[in-house]
1. Among (1) modelled with pLDDT under 95; (2) within 16 Å of the chain's Cα centre (by Cα); (3) surrounded by 20 or more Cβ atoms within 10 Å (Cβ to Cβ), there is one condition Gln93 misses while meeting the rest; what is its number?
2. Give the residues of region 4-20 that are surrounded by fewer than 16 Cβ atoms within 10 Å (Cβ to Cβ) and modelled with pLDDT under 95, sorted by residue number.
3. For a quick check of your reading of the model, give me the residue pairs whose first member lies in region 98-116 and is among the polar types (S, T, N, Q), whose second is assigned to a helix (DSSP H, G or I), with beta-carbon atoms closer than 7 Å and at least 6 apart or on different chains.
4. Quick one: in region 26-54, of everything that is in contact with a helix residue (DSSP H, G or I) (Cβ under 8 Å, 6 or more places away or on another chain) and assigned to a helix (DSSP H, G or I), which residue is surrounded by the fewest Cβ atoms within 10 Å (Cβ to Cβ)?
5. Looking only at region 16-43, which residues are aromatic (Phe, Trp, Tyr) and touching a Gly at 6+ places or on another chain (Cβ under 9 Å)?
6. List the residue pairs whose Cβ atoms are under 8 Å apart, where the first residue sits in region 31-44 and is free of Cβ contacts under 8 Å to residues at least 24 places away in the same chain and within 17 Å of Asp88 (Cα to Cα), the second is surrounded by 18 or more Cβ atoms within 10 Å (Cβ to Cβ) and not basic (Lys, Arg), and the two are 6 or more positions apart or on different chains.
7. Can you work out which of the residues in region 70-90 that are under 21 Å from Val28 (Cβ atoms) and of a type in the set (D, E, K, R) is surrounded by the fewest Cβ atoms within 10 Å (Cβ to Cβ)?
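The values are calculated or read from the model by the stated rules, or taken from the named source; none is laboratory data. Bear in mind the structure is a predicted one, so any value in this text is a computation, not a measurement. Note: ideal-geometry Cβ built from the backbone for every residue, glycine included; neighbour counts use all protein chains shown.
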Amino acid sequence: MNIHEVAVEVEKAILVGVVLPKDRRWEVDEYLSELQQLAATAGVEVVDQLVQDRQRLDPATFIGSGKVEELQQMVNAYQAKAVIFDEDLTPAQIRNLEKAIKAKIIDRSTLILDIFAKHARTRTAKTQVELA
């Protein structure tokens, strides 16, 4: 599956942001607003968002186990196909979250690459996006 197919399959999504001690809540809210606009550009309907205050990121799932459960309930309630995180996730975090939540997990970088892929017209441009 190439990057472009991710958003094509996605109809509804939930956004996730994390507020760490070094962050200001209003900045995280602004980043999520921007992420919502990026999602719309990719053809994704954002149905809700979840923000968690944490002292540090969970290395396995990025967010805490309680929020993972809450997110799973939200995905089921909205019949969302994807969860979009405002930060970059590791492959292990993506795998762990997809297993727990049963939805496609997309991070900010993947979403941006998807937008570029949708707008790439030439073979060279498409190849460059795939390589990125």
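1. (1)
2. Once the filter is applied, which keeps residues that are surrounded by fewer than 16 Cβ atoms within 10 Å (Cβ to Cβ) and modelled with pLDDT under 95, region 4-20 yields Glu5, Val8, Glu9, Glu11.
3. Thr110/Ile3; Thr110/Val6
4. The extreme case among them is Thr41.
5. Listed by number, the list holds a single entry, Tyr31.
6. Listed pairs, sorted by first residue: Gln36/Leu15; Gln36/Val46; Gln36/Gln49.
7. Asp88
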